Amino acid sequence: MPHLSPPTLTHGEQKAILRATRRNLRDHLIYSQALGTGLRLAEIVGLNVGDVYTPEGRPKNRVRLRPEIAKNGRAGDVFLPDALLVKVRRFWRHKAMRREGLRPEDPLFCNQSRTRISPRRVQFAFRTWQVKAGFDRLYPFHCLRHTAVTSVYRLSKDLYLAQRFARHASPLTTTIYTHPSDDELFKQIRNLRC
């Protein structure tokens, strides 16, 4: 049905997936990045160290998406929330300890053989972590993006801000995030007199 809101994680599910992955820094940062920036899966796995860190290893507040990893080749800027910057800072040390590449052209997220992680591996891991976190239903990875864009809209009530955050070409694409969620509907009707 085209008029329904896209599926999103509840606040409790967001906390649960981040809690479940807190000891796996790579996966935790991937999910935190998706929730905090609204990046798509291909954009996340396509990030290089130099996209996120300065040559000295300091995280950037603003990440420039290269056209070759951005959807439809549309480069854009993504801002990292303060809570995400702390995790990105910690991840540099993690990569150094694992002896993963720290040169600007090296992949940000690596698999066990220290090469770029594949989108399929990220999707498989996300499914596994949802089971470990005790989710009632399983979501595709793209739901993290839906959750991020919906959160920005819910906090700001500004369609154009949500459009810019999502990097949509048209505000019409962003309007799907303005519909009330199931949680919002339930909260509003709970106390109806009947």
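The values are calculated or read from the model by the stated rules, or taken from the named source; none is laboratory data. Just so it is clear, the model here is predicted, and its values are computed rather than measured. Glycine also receives a Cβ, built like all others from the backbone with ideal geometry; neighbour counts cover every protein chain displayed. Note: accessible area is taken over every heavy atom of the protein model, side chains too, but ligands, DNA and RNA are not part of it. Shrake-Rupley method; radii C 1.70, N 1.55, O 1.52, S 1.80 Å.
For Arg127, state whether it is in contact with a helix residue (DSSP H, G or I) (Cβ under 9 Å, 6 or more places away or on another chain), part of a helix (DSSP H, G or I), without any contact (Cβ under 8 Å) to a residue 60 or more places away in the chain and closer than 20 Å to Val45 by Cα.
Working: in contact with a helix residue (DSSP H, G or I) (Cβ under 9 Å, 6 or more places away or on another chain): no; part of a helix (DSSP H, G or I): yes; without any contact (Cβ under 8 Å) to a residue 60 or more places away in the chain: yes; closer than 20 Å to Val45 by Cα: yes.
So Arg127 does not fit the description; no.
Applying the selection to the stretch 136-190, what residues are closer than 18 Å to Leu65 by Cβ, assigned to a loop (DSSP other than H, G, I, E, B) and among the basic types (Lys, Arg)?
Answer for the stretch 136-190, where residues must be closer than 18 Å to Leu65 by Cβ, assigned to a loop (DSSP other than H, G, I, E, B) and among the basic types (Lys, Arg): just Arg167.
Taking the stretch 176-189 on its own, how many of its residues are hydrophobic (A, V, I, L, M, F, W, C) and open to solvent by less than 90 Å² (accessible area, probe 1.4 Å)?
Here is the first cut: in the stretch 176-189, the ones hydrophobic (A, V, I, L, M, F, W, C) are 176, 185-186, 189.
Checking which are open to solvent by less than 90 Å² (accessible area, probe 1.4 Å) leaves us with 176, 189.
Qualifying residue count, the stretch 176-189: 2.
Listed residues Arg103, Arg99, Arg114, Arg89; which is open to solvent by 20 Å² or more (accessible area, probe 1.4 Å), outside any loop (DSSP other than H, G, I, E, B) and of a type outside the set (S, T, N, Q)? Before you say what the answer is, go through the steps one by one.
Working: Arg103 fails: outside any loop (DSSP other than H, G, I, E, B); Arg99 fails: outside any loop (DSSP other than H, G, I, E, B); Arg114 fails: outside any loop (DSSP other than H, G, I, E, B).
Selected residue: Arg89, the only one of Arg103, Arg99, Arg114, Arg89 that is open to solvent by 20 Å² or more (accessible area, probe 1.4 Å), outside any loop (DSSP other than H, G, I, E, B) and of a type outside the set (S, T, N, Q).
So, of the residues in the stretch 142-175 that are open to solvent by 60 Å² or more (accessible area, probe 1.4 Å) and in contact with a Pro (Cβ under 9 Å, 6 or more places away or on another chain), which turns out to be farthest from Pro6 (Cα to Cα)?
Filtering the stretch 142-175 for residues that are open to solvent by 60 Å² or more (accessible area, probe 1.4 Å) and in contact with a Pro (Cβ under 9 Å, 6 or more places away or on another chain), the one farthest from Pro6 (Cα to Cα) comes out as Tyr160.
Based on this model, can you work out whether Leu108 counts as in contact (Cβ under 8 Å) with a residue 24 or more places away in the chain, farther than 22 Å from Ser5 by Cα and either exposed (fewer than 13 other Cβ atoms within 10 Å of the Cβ) or not β-branched (Val, Ile, Thr) (or both)?
Working: in contact (Cβ under 8 Å) with a residue 24 or more places away in the chain: yes; farther than 22 Å from Ser5 by Cα: yes; either exposed (fewer than 13 other Cβ atoms within 10 Å of the Cβ) or not β-branched (Val, Ile, Thr) (or both): yes.
Answer is yes for this residue.
Out of the residues in the stretch 11-67 meeting the condition of being of a type in the set (Ser, Thr, Tyr) and assigned to a helix (DSSP H, G or I), tell me which one is surrounded by the fewest Cβ atoms within 10 Å (Cβ to Cβ). Give the derivation first.
Quick first cut of the stretch 11-67, residues of a type in the set (Ser, Thr, Tyr) only: 21, 31-32, 37, 53-54.
Filter once more, keeping what is assigned to a helix (DSSP H, G or I): 31-32, 37.
Numbers: Tyr31: 24, Ser32: 24, Thr37: 21.
Going through the qualifying residues, I end up with Thr37.
Which residues, counting only those in the stretch 117-134, are of a type outside the set (Val, Ile, Thr) and surrounded by fewer than 18 Cβ atoms within 10 Å (Cβ to Cβ)?
Result: Ser118, Pro119, Arg120, Arg121, Gln123, Phe124, Arg127, Lys132, Ala133, Gly134.
I'm trying to understand the selection: among the residues of the stretch 68-86, which are within 20 Å of His168 (Cα to Cα) and either of a type outside the set (A, V, I, L, M, F, W, C) or part of a loop (DSSP other than H, G, I, E, B) (or both)?
The first filter runs over the stretch 68-86 and keeps only residues within 20 Å of His168 (Cα to Cα), leaving 68-81.
Across the stretch 68-86, the qualifying residues are Glu68, Ile69, Ala70, Lys71, Asn72, Gly73, Arg74, Ala75, Gly76, Asp77, Leu80, Pro81.
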